[in-house]
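See below for the structure under consideration.
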Amino acid sequence: QVQLVESGGGLVQAGGSLRLSCAASRRTFSSYAMGWFRQAPGKEREFVVNISSSGGSRYYADSVKGRFTISGDNAKNTVSLQMNSLKPEDTAVYYCAAGRAVVAGSAQTYEYWGQGTQVTVSS
């Protein structure tokens, strides 16, 4: 069982930055791919970014490419999402997820989920 806890959400103006963190209850990165998804009010959950279990591959949604960066810290059992040049359309609840055999953009293939953290970008 893996527990994931997100932090770092908040309110920011358009063009600003936020850094989200996801803390895992135990060492995950050697066995689990990690992903970030988001869900805006009235919309389906959508893929944001994924990092492979080796850390060697990263996949970004087109909507965040060049603005968001995922990174992992094995020593701290955390994965972070640096979000720059934020836009109002980035407003959503952001979820961290982990899975052993995932398809990067497919939420159904992730086994464990955090509770989410709210990101609000004002215009």
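Once region 17-70 is narrowed to residues that are within 11 Å of the chain's Cα centre (by Cα) and among the basic types (K, R), the residue that is nearest to T91 (Cα to Cα) is R38. Taking region 95-116 as the search range and keeping residues that are touching a residue at least 40 places away in the same chain (Cβ under 8 Å) and more than 18 Å from V2 (Cα to Cα), which one is farthest from the chain's Cα centre (by Cα)? Result: S106.
Here, each number is a calculation from the coordinates, and none is a lab measurement. Note that the structure is predicted; figures quoted are calculated from it, not measured. Virtual Cβ from ideal backbone geometry, glycine too; neighbours counted across all protein chains shown.
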